[in-house]
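Values in this text are rule-based calculations from the coordinates and carry no lab data. Remember, predicted model here, so these are calculated numbers, not experimental data. Cβ atoms come from the backbone with ideal geometry, glycine included; neighbour counts cover every protein chain shown.
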Amino acid sequence: MNETDTLTIIKPDAFGAGKAGHIIAHLEDAGFRVVAATVKHLTLDEARAFYAVHRERPFFSSLVEFMTSGPCMPLLLRREDAVPELRSVIGATDPAEADEGTVRALYAESKERNAIHASDSAENAEIEIAFFFAGTERLRA
Ligand code: CMP
C-alpha cells in the first residue's frame with residue numbers, strides 16, 4: 001500500500017456552521033485518516049501567503065477576506081493516492097458543478113464560500129502541509 005499525504009482546510013463557512021465533524025466523518029468514510037489537525041484564525045498576511053498563487057486573480061481580495069472571516073480547520077490527511085482521491089471526494093470548486101454526494105455539493109454555499117480546500121498536487125501538498133504543520137510529528141498508524 002502506497003499511502004501519501006495531503007492537506008485540507010475546512011473553511012470558515014463550514015467550520016462556523018458547525019459542519020467540521022460531519023466533513024471529517026465524510027472524509028474518514030472515504031478512507032482518509034487524520035494525521036494532524038488544528039483550528040486557526042488566519043491573519044491577512046497568512047491568507048495572502050497561502051493563496052499567493054492566486055494573487056493576480058480578480059477574486060483574490062475577496063478570497064482573503066473570506067478566509068480571514070473566522071476560524072478554519074487545516075487537517076493533514078493520509079490514504080492511498082491522497083491528492084487525487086481527496087479532490088474527487090470534495091468535488092468541483094463551484095458547488096453547482098460538484099457531483100452529488102461530494103463535500104462541496106453537500107456543504108458549500110458558492111464558488112468562493114466552498115466549504116473545503118484540497119491541495120492540487122503532491123508537490124503543493126508538501127508546501128501546504130509545511131505551512132500549517134511544520135515540525136509536527138507525522139505518525140505512521
Ligand atoms: P480552493 O480550492 O481553496 O482554491 C482557491 C479558492 O479560490 C477556491 O477554493 C475558492 O474558494 C476561490 N475561488 C476560485 N475561483 C473563484 C471564483 N471564480 N470566484 C470566487 N472565488 C473563487
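Only the Cβ atoms of Lys and Arg (+1) and of Asp and Glu (-1) were treated as charged; on that basis the dipole of the chain about its Cα centre amounts to roughly 360 debye. Among the GluC sites (Glu not before Pro) in region 50-122, those placed in a DSSP loop whose Cβ has at most 10 other Cβ atoms within 10 Å are Glu56, Glu100. Setting aside same-chain residues fewer than 8 positions from Lys111, which lysines have a Cα under 20 Å from its Cα? Partners within reach: Lys11, Lys19.
Each of Thr102, Thr8, Thr43 was scored by other Cβ atoms within 10 Å of its Cβ. Arranged with the fewest first, they read Thr43, Thr102, Thr8.
Just want the ordering: Leu139, Leu106, Leu75, Leu7, from fewest to most Cβ atoms lying within 10 Å of their own Cβ.
The fewest-first ordering by Cβ neighbours comes to Leu139, Leu106, Leu75, Leu7.
Exposure proxy for Leu63, Leu77: other Cβ atoms within 10 Å of each Cβ, ordered fewest to most, give Leu63, Leu77.
Percent of Cα pairs in the chain per distance bin of 10 Å, from zero to the largest separation: 12, 45, 37, 6, 0.
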